[in-house]
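The values are calculated or read from the model by the stated rules, or taken from the named source; none is laboratory data. For clarity, every value in this text was computed on a predicted model and none was experimentally measured. No Cβ is skipped: glycine too gets one built from the backbone with ideal geometry, and neighbour counts run over all protein chains shown.
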Amino acid sequence: MDDSSLKALLDDLPVFWWEVDQPWQVREKGGGAFADTGTAQRFLDRIRQEVADPGHPPRDGRWLARFDGRTFDVSCPRDTTPAHHRTHGLAVEVDTHPEAPRGYAAFADLVDLAPAAAFIRDRHGRYLWANHAYAHLYGTSAQELTGRHIEDFDAPAEAVQFRALDQEILSRGTPVRHTLDYRRLDGSAGHAVGHRFPVREDGQTCVAGIYVDITDHLRAMVQRREAEEHLQALRDHTGLPCALLSAGGRVVEASAAAAELFGLPLPDLVGRPAHTLLTPAAPGLDRLHRRWRGLISRRTRRVETSVTLDDTHGLQRRARVHLTTVGHSADRARHVWAVVTHQSLAHEAHPPLTAAQIRILTLLAEGSSNSDIATSLKLSRQTIDYHLGRLREALGAATRPALVARAYVLGILSPGAWPPRSATAGYPLSTV
């Protein structure tokens, strides 16, 4: 390259020439293919890698190279000039407006803007094409990837693994399903799953791959599994009777405490209609059904209510139940969790208590005498004595203290209120 006029001519053409010594130290370079020395040096580094690659370049020292989305016809003979121990080369850009090669044009057009990450590499590990999603995995652009090698972006150990997988696909000639572990831009571990498969390009078999990032999906699955484990631990070890009910009112899951509450084996409780566990004639069932429909239709998310439960021995007990919807549907809840927070002593069914009898029990628990109760209710002393007698008989209590105690353990009076009051206006032994 001693002819200055020839050098000046090449400076205006899309070519690049160079001369290097045996250690590949650049002695001269020029041409108009690259606008800056940094890009020219990167191109030379790429050529040096390809020359050092076993079996490459071909014997005649000529091949096509892709670099930064451009195609060059490279001529780099292996012979050296004995006098100077130099190697020269010439790269001529053969397509200034490259398009996706016909071999994979449809594939490239289909996935170029898809969220799945896709690439095509030749048998030497050089990227011929990559879409935006794949380039994003490495924090770069598709143009920067094209023409570069695996080692330019992946750690040495990973590059060896990927090259081995490429060679497996080239030798088998069939697609391979592959799970890819990589390091995300924020330093966290990433996971992708997809396929690699052979494609034909420029008369040679290359490797294409398409992957879907499943990192967030796997993280969500782990979080869901942990949440389910926590919920199962709460269900099984808190000792609270609880059950997951379907929108149709059947028991889907239940705790051992819930099965014990009804005196049923757990398998017999699961699948049972929840309404069969309630006392049929208990007041307030219509109101409970209305509130249930409000839960399922998403008019409300949670309900706290009192119900009367029947066990397999024919005994009843009053229970405080919390109902909470489950599921993200906007118009209909899929499931409802029912948790019993308070329950009364199991007892045989009794005649309903009147409003006056409930009021007498609250005043009796407060410490009022019979005369005080009569005055407060504007009833005669004989009427109060009559009601107390009926209450002792109905609740199985012989004395006034026993009557108050029974009123609490049977759930007639609220254990968490003072002054004493009825546990609920809809208590099944009450008409109010």
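Table: residues versus (1) among the charged types (D, E, K, R); (2) part of a helix (DSSP H, G or I).
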| residue | (1), (2) |
| --- | --- |
| A135 | no, yes |
| E144 | yes, yes |
| G147 | no, no |
| L165 | no, yes |
| I169 | no, yes |
| T174 | no, no |
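Could you go through segment 220-235 and let me know if any residue there is touching a Phe, Trp or Tyr at 6+ places or on another chain (Cβ under 6 Å), surrounded by 12 or more Cβ atoms within 10 Å (Cβ to Cβ) and within 30 Å of P267 (Cβ to Cβ). The answer is no, given that none of the residues of segment 220-235 is touching a Phe, Trp or Tyr at 6+ places or on another chain (Cβ under 6 Å), surrounded by 12 or more Cβ atoms within 10 Å (Cβ to Cβ) and within 30 Å of P267 (Cβ to Cβ). Residues in segment 267-292 that are touching a helix residue (DSSP H, G or I) at 6+ places or on another chain (Cβ under 8 Å) and at pLDDT below 90: L277, L278. Scanning segment 302-321 for residues that are under 16 Å from A338 (Cβ atoms) and either surrounded by fewer than 13 Cβ atoms within 10 Å (Cβ to Cβ) or at pLDDT below 80 (or both) gives R302, E304.
If I ask for residues that are at pLDDT below 80 and among the charged types (D, E, K, R), which ones from segment 68-126 would you list? Matches in segment 68-126: D68, R78, D79, R86, D95, E99, R102, D109, D112. With respect to L137, is the statement that it is at pLDDT below 75, under 29 Å from Y182 (Cα atoms) and aliphatic (A, V, I, L, M) true? Taking the combined requirement at face value, the residue does not satisfy it. Within the set A259, A254, A274, the sole residue that is in the same structural domain as R318 (by TED's automatic domain parsing), within 15 Å of W337 (Cβ to Cβ), surrounded by 17 or more Cβ atoms within 10 Å (Cβ to Cβ) and over 27 Å from the mean Cα position of the chain (by Cα) turns out to be A274.
So, in segment 185-203, of the ones that are in contact with a strand residue (DSSP E or B) (Cβ under 8 Å, 6 or more places away or on another chain) and among the aliphatic types (A, V, I, L, M), which residue ends up farthest from E168 (Cα to Cα)? The qualifying residue farthest from E168 (Cα to Cα) is A189. If I filter segment 149-163 down to residues being of a type in the set (D, E) and part of a helix (DSSP H, G or I), which single residue comes out as farthest from A52 (Cα to Cα)? Checked segment 149-163; the qualifying residue farthest from A52 (Cα to Cα) is E158. V339 - would you say it is farther than 26 Å from G263 by Cβ, assigned by TED's automatic domain parsing to the domain that holds T279, out of contact with any Ser or Thr (no Cβ under 7 Å at 6 or more places or on another chain) and not basic (K, R)? No. For segment 123-140, the set of residues classified as surrounded by fewer than 20 Cβ atoms within 10 Å (Cβ to Cβ) and either closer than 15 Å to G203 by Cα or free of Cβ contacts under 8 Å to residues at least 24 places away in the same chain (or both) consists of R123, H124, H132, H136, Y138, T140, listed by residue number. Taking segment 32-48 as the range and being touching a Lys or Arg at 6+ places or on another chain (Cβ under 9 Å) and more than 22 Å from R126 (Cβ to Cβ) as the test, only T37 passes. Could you tell me which residue of segment 44-61 is modelled with the lowest pLDDT, considering only residues that are crowded, with 17+ Cβ neighbours inside 10 Å and touching a Phe, Trp or Tyr at 6+ places or on another chain (Cβ under 7 Å)? So, considering only residues that are crowded, with 17+ Cβ neighbours inside 10 Å and touching a Phe, Trp or Tyr at 6+ places or on another chain (Cβ under 7 Å), the one modelled with the lowest pLDDT is P57. Candidates in segment 6-38 are the residues that are among the small types (G, A, S) and not in a loop (DSSP other than H, G, I, E, B); of these, the one that is nearest to the chain's Cα centre (by Cα) is G38. Checked against (1) in a loop (DSSP other than H, G, I, E, B); (2) farther than 30 Å from G294 by Cβ, G416 passes all but condition (2).
All but one of (1) loosely packed, with under 15 Cβ neighbours inside 10 Å; (2) among the hydrophobic types (A, V, I, L, M, F, W, C); (3) touching a Lys or Arg at 6+ places or on another chain (Cβ under 8 Å) hold for W418; which doesn't? Here W418 clears every test but (3). Kindly list the number of the only condition in (1) surrounded by fewer than 14 Cβ atoms within 10 Å (Cβ to Cβ); (2) in contact (Cβ under 8 Å) with a residue 40 or more places away in the chain; (3) not in a strand (DSSP E or B) that fails for T362. Unmet condition: (1).
Yes/no matrix, rows are residues, columns are (1) surrounded by fewer than 16 Cβ atoms within 10 Å (Cβ to Cβ); (2) closer than 28 Å to W63 by Cβ; (3) in the same structural domain as H124 (by TED's automatic domain parsing):
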position: I150; (1), (2), (3): no, yes, yes
position: A164; (1), (2), (3): yes, yes, yes
position: P175; (1), (2), (3): yes, yes, yes
position: L180; (1), (2), (3): no, no, yes
